[in-house]
1. Scan region 1-12 and tell me whether some residue there is modelled with pLDDT of 95 or more and under 14 Å from the mean Cα position of the chain (by Cα).
2. Being part of a loop (DSSP other than H, G, I, E, B) and under 19 Å from the mean Cα position of the chain (by Cα) is the filter here, so list the residues in region 65-101 that pass it.
3. Answer yes if at least one residue in region 192-200 is touching a residue at least 12 places away in the same chain (Cβ under 8 Å), in contact with a helix residue (DSSP H, G or I) (Cβ under 6 Å, 6 or more places away or on another chain), under 20 Å from residue 3 (Cα atoms) and crowded, with 23+ Cβ neighbours inside 10 Å, and no otherwise.
4. Could you check region 40-64 and list, in sequence order, the residues that are in a helix (DSSP H, G or I) and farther than 20 Å from residue 114 by Cβ?
5. From (1) within 26 Å of residue 128 (Cα to Cα); (2) touching a strand residue (DSSP E or B) at 6+ places or on another chain (Cβ under 9 Å); (3) part of a loop (DSSP other than H, G, I, E, B), pick out the condition that doesn't hold for residue 9.
6. Given the criteria under 27 Å from residue 81 (Cβ atoms) and part of a helix (DSSP H, G or I), does residue 141 qualify?
7. Does region 63-77 contain at least one residue that is more than 22 Å from residue 138 (Cβ to Cβ) and crowded, with 21+ Cβ neighbours inside 10 Å?
8. I'd like the residue in region 89-106 that is touching a residue at least 40 places away in the same chain (Cβ under 8 Å) and surrounded by fewer than 18 Cβ atoms within 10 Å (Cβ to Cβ) and, out of all such residues, is nearest to residue 136 (Cα to Cα).
């Protein structure tokens with residue numbers, strides 16, 4: 001067991017019942033020439049976030065934690081994007097911009113960035129909505145592995161990360177946001193708002209350094 005100096009109060013985590021969740025670290029959202037970049041969203045800090053996530057993954061793997069990737073994407077025929085009556089067609093950025101093919105499964109935009117490629121033993125869940133729990137098998141996959149604690153990293157803090165984290169809380173997981181391992185879509189105050197929401201209502205937060213130091217001190 002590892003005690004973490006999380007906010008708003010410390011919690012104790014069993015690494016064998018924990019997983020690191022990497023949300024949408026794809027070319028579409030983290031690379032120049034990807035969807036976010038084309039939409040005018042700043043992706044210049046994505047490389048720094050990826051470096052932080054790599055350090056977290058090294059710590060997590062050494063401690064025996066599971067690693068889970070969430071990956072946003074649609075079938076080639078967009079049959080899973082929602083029909084004309086679906087609000088997803090109007091509010092999901094790729095679809096609203098008429099660039100749904102950017103996130104077609106198998107394309108460059110869809111792919112996880114080279115710096116964070118999954119290993120064969122990692123779990124990868126493709127999703128067609130902001131939350132990783134919506135219309136996916138994520139919940140039964142985690143339950144089958146007795147996962148209770150979820151450490152959240154990735155893009156975008158205020159959209160897919162927060163959406164998945166909230167659903168995790170509703171499903172009785174313990175959600176922990178790693179503050180310096182996520183990147184918001186938009187100005188910095190959006191990330192601050194998510195951090196406030198998590199610490200006030202939906203979970204806990206800490207930094208990557210606090211996580212690594214806690215595991216190092218525990219001898220794991």
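The values are calculated or read from the model by the stated rules, or taken from the named source; none is laboratory data. Source: prediction; values computed, not measured. FYI the Cβ positions are ideal-geometry reconstructions off the backbone, even for glycines, and counts take in every protein chain you see.
1. The answer is no; no qualifying residue exists.
2. Passing the criteria: 65, 73, 92.
3. Within region 192-200, none of the residues are touching a residue at least 12 places away in the same chain (Cβ under 8 Å), in contact with a helix residue (DSSP H, G or I) (Cβ under 6 Å, 6 or more places away or on another chain), under 20 Å from residue 3 (Cα atoms) and crowded, with 23+ Cβ neighbours inside 10 Å.
4. 59, 62
5. Going through (1) within 26 Å of residue 128 (Cα to Cα); (2) touching a strand residue (DSSP E or B) at 6+ places or on another chain (Cβ under 9 Å); (3) part of a loop (DSSP other than H, G, I, E, B) one by one, residue 9 breaks only (1).
6. On the way: under 27 Å from residue 81 (Cβ atoms): yes; part of a helix (DSSP H, G or I): yes.
Judged against the criteria, residue 141 is a match.
7. Our first condition is that a residue be more than 22 Å from residue 138 (Cβ to Cβ); within region 63-77, this holds for 76-77.
Those left that are additionally crowded, with 21+ Cβ neighbours inside 10 Å: none.
Looking through region 63-77, none of the residues is more than 22 Å from residue 138 (Cβ to Cβ) and crowded, with 21+ Cβ neighbours inside 10 Å.
8. The residue in question is 99.
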